[in-house]
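A quick write-up on the structure given underneath.
All of the numbers you see were taken from the coordinates with simple rules; none came from a lab. As the structure is a computational prediction, the values presented were derived from the model and not from experiment. Cβ coordinates were reconstructed from backbone atoms using ideal geometry, including for glycine residues, and neighbour counts include every protein chain displayed.
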Amino acid sequence: MSEAPTWSHDTSVWFRDPGRADRLSPTLEVVPTAENFDLVVIGGGPAGYATALYGASAGLNIAIIEKQKVGGTCLHVGCIPAKELLETAAVFRTVRDASEFGVNASPPTLDLQVTQQRKQRVIDQLFDGLVGLLKGRKVTVIDGFGTLHADHVVRVSGGLSGEVELTGAVVVLATGSVPRTITGFEVDGRFVVTSDEILSLTDLPATAAVIGGGAIGCEFASMLADLGTKVTILEALPKILPGCDADATKAVERAFKKKGIDVITGVPVHGHDPGENTTAVRYGDNGSLDVELVCVSVGRSPLTDALGDGTGVERTERGHYVVDEYCRTTAEGVYAIGDCIATPALAHVGFAEAIFIVQQILGESPTPIDYGKVPWAIYCNPEVAFAGYTEEAAIKAGFEVVTAKHRFMGNGRAMILGETEGLVKVIAEKRADGTGGRVLGIHLVGPWVTEQLGQGYLAVNWEATVDEIAAFIQPHPSLSELFGETVLSLTGRSLHG
């Protein structure tokens with residue numbers, strides 16, 4: 001990394017609110033009084049706005065360009081609205097099963113209009129808070145489509161801020177991603193939707209096919225099934241949740257089967273034939289499935305169209321910006337982070353990359369991110385969370401491993417909650433005596449495991465040993481004590497194992 005430049009700190013900007021009624025745009029339009037900035041960020045999603053907030057907190061003069069609303073996919077058509085709908089499904093399950101606790105209630109019905117209104121209130125509150133943070137830290141927010149040109153010149157057009165040209169000593173590309181589509185399943189808003197459109201459903205379909213059994217597909221399948229839709233997952237790969245440990249995947253498949261979700265793996269899809277009220281999805285050799293709705297959930301494609309001529313920034317064959325381990329592109333002084341590069345497409349990874357590059361810009365020496373140890377969280381029911389190696393990947397990497405698994409069906413708190421599906425699995429290096437040494441991976445499936453991953457994530461990233469973790473006391477009764485019990489069994493002794 002070359003010597004850090006000297007930064008100016010002209011943060012005199014002013015804000016005005018053009019209102020919300022005319023278009024889907026930020027409530028905040030900012031007109032810059034200066035054309036030169038320490039840092040210009042193209043893209044206002046999690047990676048982009050985190051760069052702006054973290055950099056501004058260090059005193060950098062920053063401009064951020066967003067063509068829709070700051071907050072990006074995650075806030076508006078991704079993480080937040082999806083989890084809001086999943087929480088609706090959880091409340092529905094609770095009321096439906098209340099009689100098991102002696103609470104007698106009428107069978108629940110769903111008013112999707114109220115659900116959507118609540119979802120939007122949550123989004124609006126978070127959006128307003130983000131706008132307030134950017135304003136409070138004097139970040140210049142420009143509404144429009146930004147393109148990078150030679151010599152760090154960024155031109156903005158097509159937005160409320162008008163035609164703007166600015167220059168950054170450093171430029172950050174954080175342009176995000178869009179849902180990937182499949183030939184033969186063109187989005188029409190009636191029979192075929194993507195993860196964007198399904199979040200705004202006004203009517204619940206009686207039947208649905210989810211094409212793609214990854215994290216997003218499993219979340220939508222779980223949500224729809226819990227609310228009463230008959231769901232079939234069609235996955236081209238041999239198993240759903242690719243990247244998850246095999247035991248975790250099996251646990252999810254068992255739970256999905258109990259919900260009535262049909263999981264069909266190893267089948268490509270070939271198209272669909274619309275009828276009056278349903279469409280027939282063609283898959284595999286001769287398979288056909290009549291459904292009211294098809295949700296295409298086959299991942300996301302990087303959105304990397306923010307390049308003009310002469311930038312020197314290269315892209316891969318799959319469309320990602322080319323970066324090194326420091327998130328530096330092939331152009332001097334230009335970084336790329338978030339979904340537009342080939343790292344895990346997770347909002348919290350975007351946050352980490354934002355902090356990482358700002359620290360570099362400030363002349364600090366941060367350690368590159370170890371993407372093999374980042375935390376993953378999938379919010380279907382049962383939830384899935386993991387960090388580090390799967391058992392298969394650890395063996396492939398040359399480790400001799402020992403594993404332990406404990407199921408939630410024997411956990412007191414899980415029994416009390418009435419949610420006993422799932423397990424905790426810990427993978428450790430095998431010592432000469434057969435016990436576990438350094439923890440290599442932690443995999444959880446079950447109730448609220450996305451909130452339980454913390455200690456397992458720290459164990460993996462701090463390269464803690466089984467003996468070190470087993471010494472910690474877990475509260476009883478709690479869901480988290482199952483992690484402690486699983487680790488304890490790897491010492492060669494256990495309580496309830």
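Each part gets one Cα centre, and for the range 237-277 versus the range 155-187 those centres are 33 Å apart.
Just rank W462, W448, fewest to most, by other beta-carbon atoms within 10 angstrom.
Values: W462 12, W448 16.
Going from sparsest to densest Cβ surroundings: W462, W448.
Would you please name the GluC sites (Glu not before Pro) within the range 169-219 that are DSSP coil residues with at most 14 other C-beta atoms within 10 Å of their C-beta?
Listed in order of number, the matching sites are E186.
The ranking of I65, I341 by Cβ neighbour count inside 10 Å, starting from the fewest, reads I341, I65. In the range 382-489, a dipole from Cβ-located charges (positive for Lys and Arg, negative for Asp and Glu) runs towards its positive end, and of L482, A394, V384 it is A394 whose Cα lies farthest in that direction. Segment D128..E400, full-extension length gain: 92.9 nm, with 0.36 nm per residue of separation and the alpha-carbon distance subtracted. Here are labelled values, (1) 26.1; (2) 37.8; (3) 24.4, and one is the computed mean projected area of the Cα convex hull in nm² for what I pasted. Which one? Correct label, based on the coordinates given: (1). Note on the chain: dipole from Cβ charges, positive end direction compared against V192, V91, S301; the farthest Cα belongs to V91. Applying both filters, DSSP loop and at most 15 other Cβ atoms within 10 Å, to the GluC sites (Glu not before Pro) of the range 225-334 gives E276, E314, E317, E325, E332.
The fraction of Cα-Cα pairs per 10 angstrom bin, counted from 0 for the range 192-297, comes to 15, 51, 30, 3, 0 percent, rounded to whole percents.
Of the trypsin sites (Lys or Arg not before Pro) found in the range 296-377, those in coil by DSSP whose Cβ has at most 12 other Cβ atoms within 10 Å are R318.
So what's the back-of-envelope 222 nm ellipticity for the chain, counting only DSSP H runs of four-plus at -39500 (n - 2.57) apiece and dividing by all residues, rounded to 500?
Details: 13 runs with 141 residues, N = 497.
Dividing the helical sum by the residues of the chain leaves -8500 deg cm²/dmol.
Using C-alpha pairs below 8 Å separated by at least 6 residues, the relative contact order for the chain is 13 percent. For the range 192-297, relative contact order (Cα pairs under 8 Å, six or more residues apart, normalised by length) works out to 35 percent.
Report relative contact order for the range 382-489 in percent, whole number only (criteria: Cα-Cα under 8 Å, sequence separation at least 6).
Value for the range 382-489: 31 percent.
Among M415, M223, which comes first, second and so on when ranked by fewest other beta-carbon atoms within 10 Å?
Working: M415 13, M223 25.
The order, fewest Cβ neighbours first, is M415, M223.
Size of the range 332-408 from its Cα atoms: along the principal axes, largest to smallest, the extents are 48, 33, 20 Å.
For the range 32-191, the spread of Cα positions along the three principal axes, ordered from largest to smallest, is 67, 43, 22 Å.
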